[in-house]
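No lab work stands behind these numbers, since they all come straight from the coordinates. Just so it is clear, the model here is predicted, and its values are computed rather than measured. Note that we place each Cβ from the backbone using ideal geometry, even for glycine, and neighbour counts take in every protein chain shown.
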């Protein structure tokens, strides 16, 4: 810095015990600069969270959209019908990529808004209501981070090594996914028990309804997917 007459040093060390940590300027009122891991997380309709990328420096999250969609396709075998993401992901390049894959991006269209006329008033109102509904569906991903911070100290990773910190972070999301599986299993098990042995109460007697002989299996239609049990 003295030789180049500058006041900036890229990738400077800000922590002796954690030299991989970099300052991330957030611009918040109470925290202008933050330190720690920056995550790219995707959430399925079933409530399962997947940590796609973990980095220690500032990066543009919108550049991860393509890889996240392809990883989803690799895990499930098909592309999602719709992508609900922060407006930061709605770049022209990402929109064109999603269009080629037949995926709908839930966000405001680029460019200047259309002028409201009598012919398109109802159509624009309907599109606005759809965008609002899609935006509300993003609440679970924000709640997933809140769950990790308040319940599992996601914002207080005490590991010193970078690989140990990443393992710690992934373990937290694994536990939260196990809770989702437990909830699904409990619902399936409870409904199956009711179908196998159903107790019907009347005024004077209790009738036990047995499972029908032609009962072959049980499936729960959960979040556009059949879960067989």
With the cut-off at 26 Å, report for the stretch 1-117 the share of all Cα pairs above it, as a whole percent.
41 percent
Here the residues of the stretch 22-53 lying in the modelled label zone of residue 181, meaning backbone nitrogen under 17 Å from a point 7 Å along Cα-to-Cβ, are 44-51
The stretch 150-189 - Rg and Dmax from Cα coordinates, angstrom
13.1, 42
Going by C-beta contacts inside 10 Å, put 11, 53, 73 in order with the fewest on the left.
11, 73, 53
Extended-chain gain in nm, criterion 0.36 nm per residue less alpha-carbon gap, residue 99 and residue 20
24.7 nm
Here the gain from full extension of residue 6 to residue 174, 0.36 nm per residue of separation minus their alpha-carbon distance, amounts to 56.0 nm
